[in-house]
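K.L.:
Have a look at this one before I ask anything.
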Amino acid sequence: MAESVADASAMWRPRLSPRARLRWDEVEKRYMLVFPEAALMLNETAPEILKLCDGEHTVEGIVDALAQRFTGIDRKIIEEDVTSFLARIRARGLLEG
């Protein structure tokens with residue numbers, strides 16, 4: 001289950017690891033997260049999350065920014081998606097903060 005932004009992790013300020021890069025793939029017409037010896041094809045929302053992983057935004061700030069952008073989606077769903085995605089990317093060693 002995703003962590004709540006009320007947790008201490010909500011104050012975490014994630015940023016992409018220096019070994020990871022967000023890249024636009026012209027062939028696939030979508031973003032990829034590339035890192036040594038691998039790449040992940042991203043869905044439409046993942047790049048929007050990663051663009052906010054700049055070491056300045058907290059997790060809660062990322063959720064807030066996305067909730068303002070995607071007004072038709074319940075904030076709780078955005079929170080769950082963001083925390084779940086960040087946990088998966090962090091477990092791969094692709095986020096710092």
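K.L.:
Return the label of the correct value of mean projected area of the Cα convex hull in nm², as calculated from the structure shown, out of [x] 5.3; [y] 5.8; [z] 6.3.
P.N.:
The value matching this structure is [z].
K.L.:
Per residue of the range 43-57, in order, report the coupling 6.51 cos²θ - 1.76 cosθ + 1.60 (Karplus, θ = phi - 60°) as ³J(HN,Hα) in whole Hz, putting x for Gly and Pro.
P.N.:
For the range 43-57, the Karplus curve yields 6, 5, 8, 4, x, 5, 5, 5, 4, 8, 8, 10, x, 9, 7 Hz.
K.L.:
What ranking of Lys76, Lys29 emerges when the number of other C-beta atoms within 10 Å of each C-beta is taken as an exposure proxy, fewest first? Walk me through the intermediate numbers first.
P.N.:
Working: Lys76 13, Lys29 7.
With the sparsest Cβ surroundings first, the list reads Lys29, Lys76.
K.L.:
Let me ask you something else. Pop out the ³J(HN,Hα) list for the range 71-85 in order, Karplus 6.51 cos²θ - 1.76 cosθ + 1.60 with θ = phi - 60°, rounded to Hz; leave Gly and Pro as x.
P.N.:
Per-residue couplings from phi come out as 5, x, 10, 4, 4, 4, 5, 4, 4, 5, 5, 5, 5, 5, 4 Hz.
K.L.:
Sticking with this one: Relative contact order for the chain using alpha-carbon pairs under 8 Å, separation at least 6, rounded to a whole percent?
P.N.:
37
K.L.:
On C-alpha positions alone, give me the angle between the axis of helix 59-69 and the longest principal axis of the chain, in degrees, nearest 10.
P.N.:
Approximately 90 degrees, to the nearest ten.
K.L.:
For the chain, modelled as a Gaussian network with Cα springs under 10 Å, which listed residue fluctuates most, Leu42, Leu52, Leu86?
P.N.:
Top of the fluctuation ranking is Leu42.
K.L.:
Further question: At Glu28 and Arg75, where each label point lies 7 Å from the Cα along Cα→Cβ, what is the point-to-point distance in nanometres?
P.N.:
It works out to 3.3 nm between the two label points.
Read-outs throughout are calculated quantities, based only on the coordinates presented, and are distinct from any laboratory measurement. Please read these numbers as outputs of a predicted model, since none were measured by experiment. Positions of Cβ are backbone-derived with ideal geometry, glycine not excepted, and every protein chain shown enters the neighbour counts.
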